[in-house]
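All remarks here apply to the structure that follows.
The values are calculated or read from the model by the stated rules, or taken from the named source; none is laboratory data. Since the model is a prediction, treat every value here as computed from it, not as a measurement. Glycine also receives a Cβ, built like all others from the backbone with ideal geometry; neighbour counts cover every protein chain displayed. Keep in mind that these areas ignore ligands, DNA and RNA; they rest on the heavy atoms of the full protein, side chains included. Shrake-Rupley method; radii C 1.70, N 1.55, O 1.52, S 1.80 Å.
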2 protein chains.
Amino acid sequence: MPNISNKGLSMPQSPIRKLVPYAELAYSKGKTVYHLNIGQPDIKTPQIAMDAVKVHSLDILAYTRSEGSDEYRTKIANYYSKHDINITKHDIIVTTGGSEALLFAFGSVMDTDDEIIIPEPFYANYNGFSTASGVKIVPVISKIEDNFALPPIEEFEKLITPKTKAILICNPGNPTGYLYSKEEIKKLAAIVKKHDLFLIADEVYREFAYDGIKHYSILQEEGLDEHAIVIDSVSKRYSMCGARIGCLVSRNKAVIATALKFAQARLSPPTLAQIASEAALDTPQSYFDDVINEYVKRRNTLISELKKIEGLKVATPKGAFYCIVELPVKNSDDFAQWLLESFDVNGETVMVAPAGGFYSSPGVGLNQIRIAYVLKEESLIKAVHILKEALKVYQD
Amino acid sequence: MPNISNKGLSMPQSPIRKLVPYAELAYSKGKTVYHLNIGQPDIKTPQIAMDAVKVHSLDILAYTRSEGSDEYRTKIANYYSKHDINITKHDIIVTTGGSEALLFAFGSVMDTDDEIIIPEPFYANYNGFSTASGVKIVPVISKIEDNFALPPIEEFEKLITPKTKAILICNPGNPTGYLYSKEEIKKLAAIVKKHDLFLIADEVYREFAYDGIKHYSILQEEGLDEHAIVIDSVSKRYSMCGARIGCLVSRNKAVIATALKFAQARLSPPTLAQIASEAALDTPQSYFDDVINEYVKRRNTLISELKKIEGLKVATPKGAFYCIVELPVKNSDDFAQWLLESFDVNGETVMVAPAGGFYSSPGVGLNQIRIAYVLKEESLIKAVHILKEALKVYQD
C-alpha cells in the first residue's frame, strides 16, 4: 500500500471537526445545540446578490478570465475607493474565497521552509495553508490580558531570521475580534520596511468595526506599496460564505504577476458566484448599518452575560464577530466534548470551539474557547446561561 | 523591495497567455480570429443545471460541508454506478474544479522534491500544479507516430526512483485525444502495484469516447483500491467550465481522510455551483448522444481537412476534443504569433496553442500545436483553410 505524504500527515484537522461526532450524538438524543462554534453568519444574504444569479441569461456557464472578470474587478476597485483605498483593477486578482488568496500569497512570496510571523491566537486554517505551502509559522503571542493588542515590536524583531519572508495579521481578528489601530499598523509598516518583508493583512472583516472606530487598512499606509498584500472575501461582508469569492490585492506588480500564474493554473474563479458578488457590491449602506447594529447588540449582550460568570476572562472584541474566552477549566477540548456528550439544561446544550487550534505554540490556549456571536440575542443569553450552569458542575 | 519566491518565479505561464496581446492586436485591426486554442466548449450547458440556480429558495448563501453536500455526493456515486464504477459518497470529495482535486491529490501523496511520472505531451497546467506543490514531473515520452499510445512499460520502469510516488495519466487525453485501452490500464496497474505507487487518472473527458470504444476507468480495474485516485470535473461533461466543480475519488480511506484535511482548510466548494452540478446529473443521455455526435462530426471534418495539408502530421483522437498536429515549421510559438500578428485570409486568421507548453522535456514538441475542435464544422473548415494558406507563405 503506497504511503500518504508527510505533508498530508502533518495537515492539521479542524479543531471543530473533532467535535462533530459528539454534536451528532447530542442531536440523536434530541438535544438542542446552540452553535457558538461557527463562523457562518445567520444574517440574510443581500437579495440583490441572490437575484443576480436568477435573472442572468447565460447559455454556457463559461470560464471567466483567471484574474476575474473585468467588470467585477472594476467594481471592486470602486468599492475600495469608497473605503479610501486607491487601487485599480490591475491590482486585484479574484480568488476562490479568501482561502485561495492566502494560498496564492503564500506561494508567491515564500518557498519551502521559509517563515511567516503571525500574532497568535490566529485563524486556525493559517496552519493548514502553511502546511500545504510547506512554510513555517512563527507565532508571536498576543495576550488576553492585553485584549490581544499587537505584541511589542521587539517581540517581532527577536523572531526575524534570514528565512522570514512575511508578517501576517488578521484585522479585525478571527478569533480575537481585535481591531488594530493606525499606530499599530504604522509600527508593522516600519518593521517590514526595515527588514524587507511582505505584510499580508487578512481584512475580510473590514466592515465589522465597532464603537465608532474606523478600520485602517495596510493599503492606506503610505510607502507600503511594495510590501502590502491584502486578502479579502465576500463571505462575511455579504453573508455569502458559500459563494467562495475573495481577492488578493497588492500594488506590487511582481506579486500580482506571480499570483496570476497560480490563478492561471486553476483557470478561473467560479462564474456564478462572481455574478452574485458583483451584484452584492450594490448593497446599500443601510444593510451594513443594520448588520453592524445587530452585531454590536449581540456583542454587548454576550460580553455582559459572560462577565457574570465567575472565574471567566473575556477580551471585549472591537470588530468581527468572535471573542476568545478563558475558562476555569484545564482543557477546553475535553470541556467542549463533555458539553455535547454529557450535559444539558432542559435538553439544551452549547457547542464551542476549543481555542488550542488557534495557537501554534504547543500547550497555549488550552483553557480558552472561541465564541462566534452569530446567533440572535435571546439564543446567546440562553447559551451563556448553559455555559454558566455547566461550569458549576464540570470537573476536570 | 522584498523578493518573490523561487516557487513563484518558477511557476510556468500559460502557453496561450503569451499570445493574448497578439490576439488583441488582431481584433483591434478588425480581423476575425477562429479560436482553435481553447478548451471552452461552445456546447450549451444543460438547461436543467442553469434552471436549478434560478429556482432555489436560499436566504443565506452558506458553506456546504468541506467534502461537498451529502445529496450531491450521493448523486455522484449513482452517476459512477451507471458507468460500472462502484463507489459510495464516502469515497468522494467535491472540489473546486478538477484543478483543486489535482492539488489535493498531489498534496496528499507527495512531499517536496518527490517525483510523479506523466506521459507527455500532457495538460499544461500539470506543470503549474507540480510547481505549486513543490514536486517534480518526470516525463515519459509518447509519440505522435504511435498515435500517443502508452509508452512501453520498460520506459516507465527506467524512470522509477525512491522519490517516485505516483503515475498520472489523462484519459482521454488533453492535448492528445488519446483513449487508453483496458490492456494499457492493466499494464499501468501492474507497475503501480509492483512499485507501490499511486495511479492518478484525470478522467474529466470520460464521456467523450468515440468510435464505439468504451472508456475504461482505473476505478474499474480490480485490486487497485489502494492505488487509484480519480480526478473528475463537470467542466467539460456539461459544458460548465465556469462552475468550478470537480471531485477526487478514491477507495483508499487514508487518501480521502488526508484530502479532506486540505478540503477543510479551504472550508467549502462553491455552493451555487454545487446546486447546478447536482441538477446537471439529471441531464438525459440524449444530451450526451447529441454532443458526442457533434464532436465526432467535427473531429472527422477537422482530421480529413488537416490531412489535405502537405507536410502536416496528425494523430487521430479517439476521445476528448483535442488533437496534436505536427507542422512543417521550426517553432510553433513564433508561427502562432505570426498568424495573429501578420497573417489573414480575407481578414480572417486562427489562434492555435503552441504545443511546447504541453511537454516538460525541453525542446520537444516545438513544431507541434494543439487544436481544440470546439467550433462548428463550417468554422473548422475555414480555420484549416487559413492554416493551409498560412503554411504556404510562412518562413521560419
Requested in this report: Quick one: A:Ile38 ticks every box in (1) facing chain B (nearest Cβ under 7 Å); (2) within 20 Å of A:Tyr238 (Cα to Cα) except a single one, so which number is it?
Outcome: (1)
Query - Any pair with Cβ under 6 angstrom, 6 or more apart, that starts in region B:286-307 at a residue that is without any contact (Cβ under 8 Å) to a residue 60 or more places away in the chain and ends at one that is surrounded by 15 or more Cβ atoms within 10 Å (Cβ to Cβ) - result: B:Ile303/B:Thr316
**Report entry** Residue match in region B:3-23 (condition: modelled with pLDDT of 90 or more, charged (D, E, K, R), outside any loop (DSSP other than H, G, I, E, B) and surrounded by 14 or more Cβ atoms within 10 Å (Cβ to Cβ))
**Finding:** yes
Query raised in the report: Conditions: (1) open to solvent by less than 30 Å² (accessible area, probe 1.4 Å); (2) modelled with pLDDT of 95 or more. A:Ala124 meets all but one. Number of the miss?
Result: (2)
Query raised in the report: When you scan region A:29-40, how many residues do you find that are under 13 Å from the mean Cα position of the chain (by Cα) and assigned to a strand (DSSP E or B)?
Result: 0
Requested in this report: Would you check if A:Ala62 is aliphatic (A, V, I, L, M) and either assigned by TED's automatic domain parsing to the domain that holds A:Ile386 or buried (at least 24 other Cβ atoms within 10 Å of the Cβ) (or both)?
Outcome: no
Query raised in the report: Can you pull out the residues in region B:312-350 that are surrounded by fewer than 17 Cβ atoms within 10 Å (Cβ to Cβ), among the small types (Gly, Ala, Ser) and without any contact (Cβ under 8 Å) to a residue 60 or more places away in the chain?
Result: B:Ser342
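Table: residues versus (1) within 14 Å of chain B (Cβ to nearest Cβ); (2) without any contact (Cβ under 8 Å) to a residue 24 or more places away in the chain; (3) acidic (Asp, Glu).
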site	(1), (2), (3)
A:Leu103	yes, no, no
A:Met110	yes, no, no
A:Ile117	yes, no, no
A:Ser133	yes, no, no
A:Pro152	no, yes, no
A:Glu157	no, no, yes
A:Asn174	yes, no, no
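Any residue in region B:243-251 that is in contact (Cβ under 8 Å) with a residue 12 or more places away in the chain, in a helix (DSSP H, G or I) and in the same structural domain as B:Val192 (by TED's automatic domain parsing)?
So far as region B:243-251 goes, yes, one or more of its residues are in contact (Cβ under 8 Å) with a residue 12 or more places away in the chain, in a helix (DSSP H, G or I) and in the same structural domain as B:Val192 (by TED's automatic domain parsing).
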Requested in this report: Would you mind telling me which numbered condition in (1) open to solvent by less than 70 Å² (accessible area, probe 1.4 Å); (2) over 21 Å from B:Tyr63 (Cβ atoms) A:Lys29 fails?
Outcome: (1)
Query raised in the report: So is B:Glu183 away from chain A (no Cβ under 14 Å), modelled with pLDDT of 95 or more and open to solvent by less than 10 Å² (accessible area, probe 1.4 Å) or not?
Result: no
Requested in this report: Select from region B:96-116 the residues that are among the β-branched types (Val, Ile, Thr) and not in a loop (DSSP other than H, G, I, E, B) and write down the one among them that is surrounded by the fewest Cβ atoms within 10 Å (Cβ to Cβ).
Outcome: B:Ile116
Query raised in the report: Quick check, is B:Ser57 at pLDDT below 95, open to solvent by 50 Å² or more (accessible area, probe 1.4 Å) and of a type in the set (S, T, N, Q)?
Result: yes
Requested in this report: Identify the single condition in (1) buried (at least 21 other Cβ atoms within 10 Å of the Cβ); (2) at pLDDT 95 or above that A:Ser239 does not satisfy, given that it satisfies every other one.
Outcome: (2)
Requested in this report: Please work out if B:Gly246 is crowded, with 24+ Cβ neighbours inside 10 Å and within 13 Å of another protein chain (Cβ to nearest Cβ).
Outcome: yes
Query - Among (1) crowded, with 16+ Cβ neighbours inside 10 Å; (2) facing another protein chain (nearest Cβ under 10 Å), the one test that A:Ile93 misses - result: (2)
**Report entry** From the options B:Pro119, B:Pro151, B:Pro172, residue that is crowded, with 16+ Cβ neighbours inside 10 Å, closer than 20 Å to B:Pro12 by Cα and either not charged (D, E, K, R) or not assigned by TED's automatic domain parsing to the domain that holds B:Phe198 (or both)
**Finding:** B:Pro119
Report summary line: For region A:253-292, the count of residues that are within 8 Å of chain B (Cβ to nearest Cβ) and either among the polar types (S, T, N, Q) or open to solvent by 10 Å² or more (accessible area, probe 1.4 Å) (or both) equals 9
Query raised in the report: When both residues are 6+ apart or on different chains and their Cβ atoms are under 6 Å apart, which pairs have a first residue that lies in region A:44-63 and is within 7 Å of chain B (Cβ to nearest Cβ) and more than 20 Å from B:Thr45 (Cβ to Cβ), and a second that is at pLDDT below 95 and open to solvent by 70 Å² or more (accessible area, probe 1.4 Å)?
Result: A:Lys44/B:Asp59
**Report entry** Matching residues, region B:293-311, being surrounded by fewer than 17 Cβ atoms within 10 Å (Cβ to Cβ) and of a type outside the set (Val, Ile, Thr)
**Finding:** B:Asn293, B:Lys297, B:Asn300, B:Ser304, B:Lys307, B:Lys308, B:Glu310, B:Gly311
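Listed here are the residues, each with its yes/no results for (1) within 20 Å of the chain's Cα centre (by Cα); (2) at pLDDT 95 or above.
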{"residue": "B:Tyr27", "(1), (2)": "no, yes"}
{"residue": "B:Asp42", "(1), (2)": "yes, no"}
{"residue": "B:Arg73", "(1), (2)": "no, yes"}
{"residue": "B:Tyr80", "(1), (2)": "yes, yes"}
{"residue": "B:His90", "(1), (2)": "no, yes"}
{"residue": "B:Val94", "(1), (2)": "yes, yes"}
{"residue": "B:Val109", "(1), (2)": "no, yes"}
{"residue": "B:Pro119", "(1), (2)": "yes, yes"}
Report task. Could you tell me whether A:Asp196 is free of Cβ contacts under 8 Å to residues at least 40 places away in the same chain and open to solvent by 40 Å² or more (accessible area, probe 1.4 Å)? Result -> yes
Requested in this report: Determine, yes or no, whether A:Lys214 is open to solvent by 60 Å² or more (accessible area, probe 1.4 Å) and either assigned to a loop (DSSP other than H, G, I, E, B) or within 14 Å of A:Val230 (Cβ to Cβ) (or both).
Outcome: yes
**Report entry** Selected residue [out of contact with any Phe, Trp or Tyr (no Cβ under 6 Å at 6 or more places or on another chain), of a type outside the set (Gly, Ala, Ser) and either on the phi < 0 side of the Ramachandran plot or not assigned by TED's automatic domain parsing to the domain that holds A:Cys170 (or both)] from A:His227, A:His195
**Finding:** A:His195
Query raised in the report: When both residues are 6+ apart or on different chains and their Cβ atoms are under 7 Å apart, which pairs have a first residue that lies in region B:1-26 and is more than 7 Å from chain A (Cβ to nearest Cβ) and within 19 Å of B:Phe129 (Cα to Cα), and a second that is of a type outside the set (Lys, Arg) and part of a loop (DSSP other than H, G, I, E, B)?
Result: B:Pro15/B:Ala124; B:Ile16/B:Asn37
Query raised in the report: If you scan region A:220-236, which residues turn out to be away from chain B (no Cβ under 12 Å), open to solvent by less than 10 Å² (accessible area, probe 1.4 Å) and farther than 26 Å from A:Arg299 by Cα?
Result: A:Val230
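Based on this model, can you work out whether A:Gly177 counts as under 23 Å from A:Arg298 (Cα atoms) and at pLDDT below 95?
Working: under 23 Å from A:Arg298 (Cα atoms): yes; at pLDDT below 95: no.
In short, no.
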